[in-house]
1. What's the number of the only condition in (1) under 16 Å from Gly260 (Cβ atoms); (2) crowded, with 18+ Cβ neighbours inside 10 Å that Ala340 fails to meet?
2. Can you tell me which residue within the stretch 37-68, out of those that are touching a Pro at 6+ places or on another chain (Cβ under 6 Å) and closer than 30 Å to Gly103 by Cα, is most open to solvent (accessible area, probe 1.4 Å)?
3. Yes or no: the stretch 131-149 includes at least one residue that is modelled with pLDDT of 95 or more, within 27 Å of Ile26 (Cα to Cα) and surrounded by 17 or more Cβ atoms within 10 Å (Cβ to Cβ).
4. Looking only at the stretch 156-166, count every residue that is touching a helix residue (DSSP H, G or I) at 6+ places or on another chain (Cβ under 7 Å) and open to solvent by 20 Å² or more (accessible area, probe 1.4 Å) and tell me the total.
5. Being away from the ligand (no atom under 15 Å from the Cβ) and crowded, with 23+ Cβ neighbours inside 10 Å is the filter here; which residues of the stretch 90-115 pass it?
6. Out of Leu251, Leu231, which single residue is under 20 Å from Thr207 (Cβ atoms) and either at pLDDT below 95 or within 14 Å of the ligand (Cβ to nearest atom) (or both)?
7. Are any of the residues in the stretch 294-302 within 22 Å of Ala62 (Cα to Cα) and β-branched (Val, Ile, Thr)?
8. Which condition number in (1) more than 13 Å from the ligand (Cβ to nearest atom); (2) among the charged types (D, E, K, R); (3) touching a residue at least 60 places away in the same chain (Cβ under 8 Å) is the one that Lys138 fails?
Amino acid sequence: MLPLAIARLSLWLSPIIKLLPEKLAIKIYSSARTYFMQQLYKYKAPPVTINKYNIKILWGLAFRLPLMNSAGMFKNGEGYDLVANQGAGAYIGGTSTYNPREGNTRLGIHHPFISLAKSHISLNYLGLPNLGDIQLSKFTVNKQDGCPVGWSLMRSPDYTSGIAMEKLIESLWLYHDNPTIDFLEINESCPNLTSLKSDSIDNSLDTLENRLLYIGQNFLSKRKRHLPVILKLSNDLEQSLIPKILDVLFLTKFDGINLGNTSTNYAKVKLANLTQRKLFNYFVQNFGGGIGGNCLKKTSLNLCSIAVNYAKSNNPGYEFHVIRSGGVSSIEDIIESENAGISLNQWYTGYFENYIKHGDALYASIFNFYKEKNPY
Ligand SMILES: Cc1cc2nc3c(=O)[nH]c(=O)nc-3n(C[C@H](O)[C@H](O)[C@H](O)COP(=O)(O)O)c2cc1C
């Protein structure tokens, strides 16, 4: 079955599924997501024409649009041809870890996920399933002009912190030595792993600082080719920490920051619809996991704007970019980002919402519509 038909059928059936007991509804959603993604990976999208905008050159790489997928969509390196044919401005694979991981199963539900389409929210507790860096770092594709390849990786939660960092450095070198990879993103923000919570950014800047210094000493300062490296943090990041974090990123020569990942600020989400609220509450009480979607729109814009302004007034002396992820779903979001000086946008929840509406023309529908005003 074509992925678009599956996505539209799921949306059509979702009011009925949501009336089922919460656990059953989440089980159906999670299995449907897995099936849909398998079909999407296999699907051969025809090339879609996107009107030419001013290609952005960031770190010497050409991005034909300022919008691309965010990490976690193509965990095992699937989907480059798909998004490149759809017209994406870049591709990112991962997030991967040094060791292969099965991901989470809880209450008999494998890779728990739910999408609350009416509220434009997704919730996931996938737990970083991936085939591991030894295999994934051999990733190769036929690259299209203007669609560079990024890779997201993180320290594995399956090792003690010292070993996890050593393995992360090993992984960084594996991707460094693969010429297909144009840039790397280090994920420091995944909410799906309780073992990371105690030393996550929210609780201890010192620990994060030490990790960044370690990456700086053992990888960033020793790179043998031009390979930009970005740090991805959570949308739950305290605004007041941004200057301190950027100072460390400048010191260690990170090339950018992505703000950011899903949120675990469950109390902030207000859902008027009773059925959606019940499902949401059941999910966060039984799985936890991360929230993506519209509720992150303002947060990601604010955090990124603060980062842009700090980078402008404290010029690091080399090319440093701010990337926005969280609630991006429309041309208005892209324009707001552009006006705020944000270099690039990533979407996850918004990608699927637009895919259901526009199919393979999802990038074209956003950017071609704006051709006359041509803000880029
Ligand atoms: C199902 C799912 C899986 C995700 N997996 C990852 C991941 O592996 N690595 C990562 O950095 N972010 C991951 N994310 C977070 C997204 O990349 C993105 O930062 C977040 O969802 C906010 O963007 P959005 O509002 O467009 O969804 C995942 C999100 C979802 C919904």
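1. Result: Ala340 passes all but (2).
2. Among them, the one singled out is Tyr43.
3. no
4. Matching residues across the stretch 156-166 total 2.
5. none
6. That would be Leu231, the only listed residue that is under 20 Å from Thr207 (Cβ atoms) and either at pLDDT below 95 or within 14 Å of the ligand (Cβ to nearest atom) (or both).
7. Within the stretch 294-302 (the criterion being within 22 Å of Ala62 (Cα to Cα) and β-branched (Val, Ile, Thr)), the answer is no, since none of the residues qualifies.
8. (3)
The values are calculated or read from the model by the stated rules, or taken from the named source; none is laboratory data. Predicted model only: the values in this text are computed from it and were never measured. Quick reminder, even Gly has a Cβ in these numbers, built from the backbone with ideal geometry, and neighbours come from all protein chains shown. Heavy atoms of the whole protein, side chains included, go into the accessibility calculation; ligands, DNA and RNA do not. Shrake-Rupley method; radii C 1.70, N 1.55, O 1.52, S 1.80 Å.
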